[in-house]
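Asks: Provided herewith is a single structure, encoded as structure tokens, for subsequent inquiry.
The values are calculated or read from the model by the stated rules, or taken from the named source; none is laboratory data. All of these numbers come straight from a predicted model, not from anything done at the bench. When we count neighbours, we look across all protein chains shown, and the Cβ atoms used for this are built from the backbone with ideal geometry, even at glycine.
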């Protein structure tokens, strides 16, 4: 959508006494002077989306709900939490035992973080499978990678706040990685800690940064959504809409489907929160932090494990840190490494298998990240790390050259007809 079109749609009305708003009464009076209601209606109710969107496209809305709930529960916890090494652990216990519904708020916030990552990993997998990173959506994809980096930072900082054994030692191990920076690495670590060890100054900094980066995520999400509304949604066919037969209004057609997806997701979340609230956490974090006692096996939260495995698979500390950061950053290069003209894996038989192998490799790395860094686990970790980077730098360009795509329909409307006739098989578990 061009800047001229945006200006024409939402331009203020100065001379027309009847106003330019389609609304009347107080709503019309406000909208005629600040057309946010008109903009919301156009961008979120009348907005046209491809008619073939599956439940995979519900994860954007699910992530938005998770982010809102994380901020609300985080605000509630922040009112009772004390960022002091002497009182942090006790303040969390006080929230759990003495604050009205404190246990519920804390368990909700803790498990929402895990479910946030579950949703974002599925969101990324959908983008890989259906080619949502390709022209003209490269910038939207890059903003998504920035959001993922910010999520990782926020989750790490939040994990340190309970000040249990795993919080303390996790903070010590991760912040010490900055010492691998040549020449001034030790100075960077000291600056991060605000002292010569992880202590009170570091905890205060983690608390402030946890809040700051959380709101940076909100800002990045706004730009992500703006980019989406400029270029439009991708769809399972990977074909751009050609006429009105290919699209439907966002509401009620897509919103009703998204609502079902959100309700199912929240039902699973509530079930885990109520019946297994600590299943995704680590029991050592219910032991107060003790700098004199090192846990036998220091592991991060489950959503960091694949990248932790990559870090440990490299013998050199500096190269391990570079590999860990690069394993995420390389996702941003995929729009240029995969130069096939066909977006969707539905019509790319070889790339489809590569994507599934990549997902399998992700789970292998997750398992290795939780295992001891020795013996066969180290060997498997190095093989899985090599495949992770080979997927981007070798398979993506190679498959783009040698793969012969399947015959494709001319439009989304024809794609839907092919599905009804059984000519196309998609991932049935997520079909509409």
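Asks: Is it the case that residue 296 is assigned to a helix (DSSP H, G or I), over 20 Å from the mean Cα position of the chain (by Cα) and modelled with pLDDT under 90?
Replies: Here the answer is no, as residue 296 does not meet what is asked.
Asks: While we're looking at this one, here's another question. Kindly indicate whether residue 360 is buried (at least 18 other Cβ atoms within 10 Å of the Cβ), closer than 20 Å to residue 121 by Cβ and within 24 Å of the chain's Cα centre (by Cα).
Replies: Spelling it out, it is not the case that residue 360 is buried (at least 18 other Cβ atoms within 10 Å of the Cβ), closer than 20 Å to residue 121 by Cβ and within 24 Å of the chain's Cα centre (by Cα).
Asks: Oh, and also: Hey, does the range 195-218 have a residue that's more than 22 Å from residue 78 (Cβ to Cβ), touching a helix residue (DSSP H, G or I) at 6+ places or on another chain (Cβ under 9 Å) and without any contact (Cβ under 8 Å) to a residue 12 or more places away in the chain?
Replies: Checked the range 195-218: at least one residue is more than 22 Å from residue 78 (Cβ to Cβ), touching a helix residue (DSSP H, G or I) at 6+ places or on another chain (Cβ under 9 Å) and without any contact (Cβ under 8 Å) to a residue 12 or more places away in the chain.
Asks: I would also like to ask the following. In the range 235-256, is there at least one residue being part of a helix (DSSP H, G or I) and at pLDDT 95 or above?
Replies: no
Asks: Based on what the data block shows, is residue 89 in a helix (DSSP H, G or I), at pLDDT 95 or above, surrounded by 20 or more Cβ atoms within 10 Å (Cβ to Cβ) and over 22 Å from the mean Cα position of the chain (by Cα)?
Replies: So residue 89 fits the description; yes.
Asks: Tell me yes or no: at least one residue of the range 281-301 is in contact with a helix residue (DSSP H, G or I) (Cβ under 6 Å, 6 or more places away or on another chain), buried (at least 19 other Cβ atoms within 10 Å of the Cβ), touching a residue at least 12 places away in the same chain (Cβ under 8 Å) and over 30 Å from residue 361 (Cβ atoms).
Replies: Yes, the conditions are met somewhere in the range 281-301.
Table: residues versus (1) within 25 Å of the chain's Cα centre (by Cα); (2) surrounded by 14 or more Cβ atoms within 10 Å (Cβ to Cβ); (3) closer than 30 Å to residue 317 by Cβ.
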{"residue": "345", "(1), (2), (3)": "yes, yes, no"}
{"residue": "351", "(1), (2), (3)": "yes, yes, no"}
{"residue": "366", "(1), (2), (3)": "yes, yes, yes"}
{"residue": "369", "(1), (2), (3)": "yes, yes, yes"}
{"residue": "378", "(1), (2), (3)": "no, yes, yes"}
{"residue": "389", "(1), (2), (3)": "yes, yes, yes"}
{"residue": "392", "(1), (2), (3)": "yes, yes, yes"}
{"residue": "409", "(1), (2), (3)": "no, yes, no"}
{"residue": "413", "(1), (2), (3)": "no, yes, no"}
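Asks: Just to check your reading of the model, which residue among 362, 347, 389, 304 is farther than 28 Å from residue 175 by Cβ and out of contact with any strand residue (DSSP E or B) (no Cβ under 8 Å at 6 or more places or on another chain)?
Replies: 347 is the lone residue from the list that is farther than 28 Å from residue 175 by Cβ and out of contact with any strand residue (DSSP E or B) (no Cβ under 8 Å at 6 or more places or on another chain).
Asks: Exactly one condition in (1) buried (at least 18 other Cβ atoms within 10 Å of the Cβ); (2) closer than 24 Å to residue 407 by Cα is false for residue 339; which is it?
Replies: It is condition (1) that residue 339 fails.
Asks: In the set 115, 148, which member is touching a residue at least 12 places away in the same chain (Cβ under 8 Å), under 19 Å from the mean Cα position of the chain (by Cα), within 30 Å of residue 247 (Cβ to Cβ) and in a helix (DSSP H, G or I)?
Replies: 148
Asks: Further, regarding this structure: Return yes when residue 268 is in contact with a helix residue (DSSP H, G or I) (Cβ under 6 Å, 6 or more places away or on another chain), farther than 30 Å from residue 411 by Cβ and either assigned to a helix (DSSP H, G or I) or modelled with pLDDT under 95 (or both) and no when it is not.
Replies: No, not satisfied.
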